[in-house]
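Take a look at the structure below.
Nothing in this text is a laboratory measurement; each read-out follows from the coordinates by a stated rule. Because the structure is predicted, anything quoted here is derived from the model rather than measured. Here the Cβ positions follow ideal geometry from the backbone for every residue, glycine too, while neighbour counts run over all protein chains shown.
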Amino acid sequence: LRATEIGAEVLLKATKVDGVYDKDPLAHSDATRFEELTFAQAIEKGLKIMDMTAFSLCMDRKIPVIVFNLKESGNIAAVVQGRTMGTLITP
């Protein structure tokens, strides 16, 4: 909601893993990370990325989401500066 209110071009979602996976990478060593997904693909695959209301709002407003690892030093600055990392979710 705040992203739409301020006219954000992208929503940055910081997590404890380095992107969106097909299954929990902390529990499954064979989990595969997605570099890029569409909102439709994420929904179709049943991926639990964030609160579904927030996810739907980003999808409806065409606000891309970047999911990245908060725990790695320097990642916040790097993603804000435009460095490619994590998973990009696009309309």
* Asked: Could you work out the helix-only [θ] at 222 nm for the chain, with each DSSP H run of four or more residues adding -39,500 (n - 2.57) and the total divided by the number of residues, to the nearest 500 deg cm²/dmol?
  -> -6500 deg cm²/dmol
* For segment 51-60, what does the Karplus curve 6.51 cos²θ - 1.76 cosθ + 1.60, with θ = phi - 60°, yield as ³J(HN,Hα) per residue in whole Hz, taken in order and with x for Gly and Pro? -> 3, 5, 5, 5, 4, 5, 5, 4, 5, 4
* Are there GluC sites (Glu not before Pro) in segment 29-64 that DSSP marks as loop and that have at most 16 other Cβ atoms within 10 Å, and which are they? -> Glu35
* Structure fact -> Note, segment 79-91: 3J(HN,Hα) by Karplus (6.51, -1.76, 1.60, θ = phi - 60°), whole Hz, Gly/Pro = x, goes 5, 5, 7, x, 5, 6, 7, x, 10, 9, 10, 10, x
* Each label point is 7 Å from the Cα along the Cα-to-Cβ direction; what then is the distance between the points at Leu57 and Ala31, in nm? -> 2.5 nm
* Asked: Cα-based count: Lys pairs in the chain below 15 Å, eight or more positions apart or different chains?
  -> 6
* Once you treat every alpha carbon in segment 5-52 as an equal point and sum by Debye, what is log10 I(q)/I(0) at q = 0.19, 0.27 Å⁻¹? -> -0.70, -1.21
* Using amide H atoms built 1.01 Å from N in the peptide plane, name the residues 5+ places from Lys13, or on other chains, whose amide H lies under 5 Å from its own. => Ile66, Val67, Phe68
* Asked: The list (i) 34, 33, 32; (ii) 38, 32, 18; (iii) 82, 22, 21 gives values of Cα extents along the principal axes in Å, and only one came from this structure; which label was calculated from it?
  -> (ii)
* Value of relative contact order over the chain, rounded to a whole percent, pairs C-alpha under 8 Å and six or more apart -> 41 percent
* Asked: Between Arg83 and Lys71, 0.36 nm times their residue separation minus their Cα-Cα distance comes to what?
  -> 2.7 nm
* How much net charge surrounds Asn69 when only the other residues with a Cβ under 13 Å from the Cβ of Asn69 are counted, with Lys and Arg +1 and Asp and Glu -1? -> +3
* Asked: Roughly how many nanometres apart are two label points built 7 Å out from the Cα toward the Cβ at Glu9 and Lys23?
  -> 3.8 nm
* **Antiparallel bridges, percent of DSSP beta bridges restricted to the chain (to nearest 5)** => 40 percent
* **Cβ-defined net charge surrounding Val17, 15 Å radius [Lys, Arg +1; Asp, Glu -1]** => 0
* If you place +1 on the Cβ of every Lys and Arg, -1 on the Cβ of every Asp and Glu, and leave all else neutral, what size is the dipole of the chain about its Cα centre, to the nearest 20 Debye? -> 160 debye
